[in-house]
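Read through the structure below, which is laid out as structure tokens, and then see the notes.
The values are calculated or read from the model by the stated rules, or taken from the named source; none is laboratory data. The structure displayed is predicted, hence computed values, not measured ones. Ideal geometry is used to build each Cβ from the backbone, glycine not excepted, and the neighbour counts take in all protein chains shown. Heavy atoms of the whole protein, side chains included, go into the accessibility calculation; ligands, DNA and RNA do not. Shrake-Rupley method; radii C 1.70, N 1.55, O 1.52, S 1.80 Å.
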There are 2 protein chains.
Amino acid sequence: MAKDKKSPRPRAQTPKGFRDYFGTEVSERAEMLHRIAGVYHRYGFEALESAAVETVEALGKFLPDVDRPNEGVFAWEDEDEGWVALRYDLTAPLARVYAQHRNELPLPYRRYAMGPVWRNEKPGPGRFRQFYQCDADTVGAATVAADAEICAMLADTLEAVGIPRGDYLVRINNRKVLNGVLEVAGLGDDAQRDAVLRTIDKVDKVGVAGVRELLGKGRLDASGAYIDGVGLSEAQAEPVLAFLSSKGAEAAETVARLRAAVGGSAIGAEGVDELEEIAALLSAQGYGPDRIVIDPSVVRGLGYYTGPVFEAELTFEILDEKGRKRQFGSVAGGGRYDDLVKRFTGQAVPATGVSIGVDRLLAALREKGRIGGGAAGPVVVTVMDRDRMADYQSMVAELRAAGIRAEVYLGNPKNFGNQLKYADKRASPVAVIEGGDEKARGVLQIKDLILGAKLAENASLEEWKERPSQYEVPRGDLVAKVREILDQWA
Amino acid sequence: MAKDKKSPRPRAQTPKGFRDYFGTEVSERAEMLHRIAGVYHRYGFEALESAAVETVEALGKFLPDVDRPNEGVFAWEDEDEGWVALRYDLTAPLARVYAQHRNELPLPYRRYAMGPVWRNEKPGPGRFRQFYQCDADTVGAATVAADAEICAMLADTLEAVGIPRGDYLVRINNRKVLNGVLEVAGLGDDAQRDAVLRTIDKVDKVGVAGVRELLGKGRLDASGAYIDGVGLSEAQAEPVLAFLSSKGAEAAETVARLRAAVGGSAIGAEGVDELEEIAALLSAQGYGPDRIVIDPSVVRGLGYYTGPVFEAELTFEILDEKGRKRQFGSVAGGGRYDDLVKRFTGQAVPATGVSIGVDRLLAALREKGRIGGGAAGPVVVTVMDRDRMADYQSMVAELRAAGIRAEVYLGNPKNFGNQLKYADKRASPVAVIEGGDEKARGVLQIKDLILGAKLAENASLEEWKERPSQYEVPRGDLVAKVREILDQWA
């Protein structure tokens, strides 16, 4: 069968978990990344583009200890290189790049990277096995001025892509403060610490009172299920709750409360000092609490981060799939992680960075109507007489030279209805018609397709007559008339 | 050993044939693709971005008939999907996308795609296993107006990225004309036809006289080696040579000569008609022979193309690695291929398209100094007093707000020399210095680093004194003075 010459037709299908992106999905993302890159560039960050393929050895974390590497990455065995894999994020390649090129790179090294990453995970609704990341990191700067800079840049970036001030908030915390609080609470056991961190992370959902229950015996959740608690005593839970309640109206107030919450912990005090310094740096540059705040509820996962952590969230409300109002939530996050290249060189190198959730941010902009509006389709010049293709091509050439998106219908022109259906499918704002009669009289028919569609939907017969959506203009007025119509819908 | 906890440090190394791209390498390519996308968009082409991973079945051509797929692609076996592979070009995914989504897509479907593709080949100098392609194709348009449009768009694109008119030429031929000539020459044998096509392809190197020898008995090449010929008789070679010599000063002349060369061949006459129509369409839109010409020497490989073929070459001379002058050569090519989706659907769908060699085009722009000039690095604000980081951050915030790329030095500020070395490595045009003394007097020192470098190279001691490269200005003049220096080097 397999050797049969008449093999069955192949299926035209993306592999599961992969998808195609069309038209504005692609160009809007490209435009957004272009604007982000503009801000990053202005901040002195340099672009870096590494290959999609890395050795599994360099990627780390997913070492092949049996036949095949662990799940999670797409990996295969290369004849020359051994196991290689598609990158699963942009941080692991940064570590490899920095270790490989450290003698040529400036120190500190500010870099940004944008591009797809791949995860070999079970796909689900809205979860794909290839997606975009957009990262900026500063490698080799121990000072928290680097963290403050990233937070300022993040605020600027959100505004540059179209999120107005007031619709976002960058929230900063510090893992050292958290560690100090855990120290004060007397939690030495790693498992217990992790359980407490996970519980703190739920404060957005269950509130401080809910966290209090979850740190103790447990809690009956909204669905009626009983959630077991971490089992801390009241005395142990108290510093954690004080910490969580320490957000004040101003940074100075928050810092003072945090200082009380970490008590005598040296690491905690160091963390509070850092937050105070970051707040001062940002305030000096004019980033007030309408843009960037210290917020003790930011946890950002376990283990990885060693100092300041930050998160950008969009604060406006959207309707979820069940029609309930909820905040849009997080679109970016990051923090300080100080062991980036140690695996390669043995030397610890401090680093801090942020990753923007490109697809979530795009979704937010669409939700707010900040992208995706306007007439995206091209002006379509229809073909009434196939022998006069040169005339029609000259028309689109004129329109394009004037910066107007335009095309000639290149299908079989016999059925004019098909041409208008095509213009509809292309979301064309304007169709241009020049039959033999028009040609002889030196005129064109120009159809306002957006108005036409509106009239077809709503208008009475009188309105139809009063407000025609088709104009006859001299051939020489092509560009002017089309522009007039486009401007009206812009 | 493998189970040993102290495993050796991983090598920080890209897999062979892959590389990292830094800074302007990335941003200049992004800028070029942005401009190309602008032209394509104006022509009514829609962006398409498919995933890097396709099923081997959908990719075709490289079916796994043994354990592993053939060489040439990076492929692996997925648990759920069977064999999958990284795309090796952008045309195979287009075929799959069109077949999969044909009910929703407009017909004709104009699309462009830009992105990396992967080849599992032995890497060599300048040959990488991941590289960019940038394609535009029109699917479902049988008319050669689609081919003419692609050629016009290609000319516009080259000008949009910075290749001035006169420095490039789009050359068009038609495989049907070639086939007609081979028919007239009486060459029925496929192998002999292919040999003749390969010989024609050499006309740029060996000239028409060289082709005459190679079509006959053979030829002594420049290195002294004797190259066996195809073995045609004079009578058989004559139509081929007439065809090759048919390029006239004007399209009409070339067309007339080609018509003579294809004699009574029906397919040949069809090809000449198509070229004539393309020439008329382009001429009506003002694309003269300074931009687009009919050129019988364009062959563009074997087999694949079925009608018009085209190629864009840069006509200016560069020095090759041995210091000899040569033309820069081809940067884009394409043509009509009419069996795109037949594998999937059983229905033949006409298509035509072009692929731009992104890296070659970038190299050409760099060669001509059209990109890569100017001050790319950021203004560096040095840190004289680490307790006044907020002051320095405020300075860069002011500069950035004025659209000037700027950064604070975030390394250890103790050694001022290191800060200036850093500025040098960053190719910074300007350094800003505010020590305690300057702070007290309300002034800044602003160093023109480009002038400084020039003076250091060339100037006599007198010139050094006369033309200082460091200015003391009031703190309030920071942005104005920096801009003045930058404008001078722009």
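Counting other C-beta atoms within 10 Å, and keeping those with at most 10, which DSSP coil trypsin sites (Lys or Arg not before Pro) do you find in segment B:358-461?
Working: sites: B:Arg360, B:Arg366, B:Lys368, B:Arg370, B:Arg386, B:Arg388, B:Arg400, B:Arg405, B:Lys414, B:Lys421, B:Lys425, B:Arg426, B:Lys439, B:Arg441, B:Lys447, B:Lys454; in loops: B:Lys368, B:Arg370, B:Arg405, B:Lys414, B:Arg426.
For trypsin sites (Lys or Arg not before Pro) across segment B:358-461 that sit outside H, G, I, E and B with at most 10 neighbouring Cβ atoms in 10 Å, the list reads B:Lys414.
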Report task. Using only Cα atoms, tell me the angle between helix B:416-425 and the longest principal axis of chain B; keep it within 0 to 90° and round to the nearest 10. Result -> 20 degrees
Query raised in the report: How far is B:Arg370 from itself in the other copies, in nm, if each label sits 7 Å out from Cα along the Cα-Cβ line, shortest first?
Result: 3.5
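Whenever you get a sec, line up A:His101, A:His34 from highest to lowest accessible area (probe 1.4 Å, protein heavy atoms).
Greatest to least solvent exposure: A:His34, A:His101.
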Query raised in the report: What number, in nm² with one decimal, is the all-direction average of the projected area of the convex hull of the alpha-carbon atoms of segment A:133-231?
Result: 9.6 nm²
Report summary line: Expressed as a whole number, the average count of other chain Cβ atoms within 10 Å around the Cβ atoms of A:16-24 is 6
Requested in this report: For segment A:187-232, state which trypsin sites (Lys or Arg not before Pro) are in a DSSP loop and have at most 13 other beta carbons lying within 10 Å of their beta carbon.
Outcome: A:Lys217
Query raised in the report: Taking Cα atoms, how many degrees apart are the long axis of helix A:91-101 and the longest axis of chain A, rounded to 10 and kept between 0 and 90?
Result: 80 degrees
Query - Cα-based radius of gyration of segment B:203-323 once divided by 2.2 N^0.38 Å, which approximates compact folds - result: 1.22
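Rounded, prolate or oblate, given the Cα gyration tensor of segment B:232-281, with a/c below 1.5 counting as rounded? The partial results should precede the final answer.
Details: a/c = 3.35, a/b = 1.62, b/c = 2.07.
Since a/c reaches 1.5 but b/c is at least a/b, the shape of segment B:232-281 is classed as oblate.
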Requested in this report: Mind grabbing the accessible area of B:Ser355 for me, 1.4 Å probe, Å², rounded to tens?
Outcome: 40 Å²
Report summary line: Output row B,A: buried area (accessible, probe 1.4 Å, summed both chains) in Å², nearest hundred, equals 8700 Å²
Report summary line: So, in nm and shortest first, the distances from A:Asn418 to its counterparts in the other copies, with label points 7 Å along Cα→Cβ, work out as 7.2
Report task. Take every residue in peptide B:344-354, count the Cβ atoms of other chains within 10 Å of its Cβ, and give the average of those counts. Result -> 1
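Please report the relative contact order for chain B, taking Cα pairs under 8 Å with a sequence separation of at least 6, and give it as a percent rounded to a whole number. The partial results should precede the final answer.
Numbers: 803 pairs, mean separation 62.0, N = 490.
Computed over chain B, the figure is 13 percent.
Which semi-axis lengths, in whole Å and largest first, follow from the square roots of five times the eigenvalues of the Cα gyration tensor of the protein assembly as shown?
Details: eigenvalues 615, 232, 210 Å².
After diagonalising the Cα gyration tensor, the semi-axes are 55, 34, 32 Å.
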Query raised in the report: To the nearest 10 square angstrom, how much accessible area does B:Asp194 have with a 1.4 angstrom probe?
Result: 60 Å²
**Report entry** Cα centroid separation, segment A:330-402 to segment A:291-328 (Å)
**Finding:** 24 Å
Requested in this report: List the residues whose amide H sits under 5 Å from the amide H of A:Gly44, counting only those 5 or more places along or on another chain, with H placed 1.01 Å from N in the peptide plane.
Outcome: B:Ala406
Report task. Quick one: pull the percentage of alpha-carbon pairs in chain B with a separation above 38 Å. Result -> 45 percent
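Taking GluC sites (Glu not before Pro) as exposed when DSSP calls them loop (any state but H, G, I, E, B) and at most 14 other Cβ atoms lie within 10 Å, what is the longest stretch of chain B free of them, the sites themselves excluded? Each step should come with its number before you reach the end.
Working: sites that count: B:Glu71, B:Glu79, B:Glu104, B:Glu121, B:Glu250, B:Glu321.
With GluC sites (Glu not before Pro) excluded where exposed in loops, chain B gives B:322-490 as its longest stretch.
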Query raised in the report: For segment A:427-433, in order, what is each residue's ³J(HN,Hα) by Karplus, 6.51 cos²θ - 1.76 cosθ + 1.60 with θ = phi - 60°, in whole Hz (x at glycine and Pro)?
Result: 6, 6, x, 9, 10, 10, 10
**Report entry** Nearest 10 degrees, 0 to 90: helix B:478-489 Cα axis against chain B principal axis
**Finding:** 40 degrees
Report summary line: Sparse-neighbourhood loop hits (chymotrypsin sites (Phe, Trp or Tyr not before Pro), segment B:273-380; DSSP loop; Cβ within 10 Å at most 16 others) -> B:Tyr304
Query raised in the report: Along the principal axes of its C-alpha atoms, what lengths does segment B:396-490 span, in descending order and rounded to whole Å?
Result: 36, 29, 28
Query raised in the report: Whose Cβ in chain B comes nearest the axis that rotates B onto A, and by how many Å?
Result: B:Trp76, 2
Query raised in the report: Put a point 7 Å out from Cα along the line to Cβ at B:Tyr21; what are the distances to that point in the other copies, in nm, shortest first?
Result: 1.6
Requested in this report: Could you work out how far apart the two model spin labels at B:Ala252 and B:Asp487 are, taking each label as a point 7 Å from the Cα in the direction of the beta carbon, and quote it in nm?
Outcome: 5.4 nm
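Work out the mean other chain Cβ neighbour count within 10 Å for the residues of A:388-400 and drop it here as an integer. Could the numbers behind the result be given before it?
Details: counts 1, 8, 9, 1, 3, 9, 4, 1, 6, 8, 2, 1, 8.
Partner-chain Cβ atoms within 10 Å, mean over residues of A:388-400: 5.
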Report task. Could you list which residues have their amide H under 5 Å from that of B:Phe316, counting only those 5 or more apart in sequence or on another chain, with H placed in the peptide plane? Result -> B:Phe328
**Report entry** Added length on full extension, which subtracts the Cα-Cα distance from 0.36 nm per residue, B:Asp477 to B:Asn412
**Finding:** 20.7 nm
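Hey, any idea what the orientation-averaged projected area of the convex hull of segment B:25-156's Cα atoms comes to, in nm²? Before the final figure, lay out each step's value.
On the way: hull surface 40.8 nm².
Seen from a random direction, the Cα hull of segment B:25-156 projects 10.2 nm² on average.
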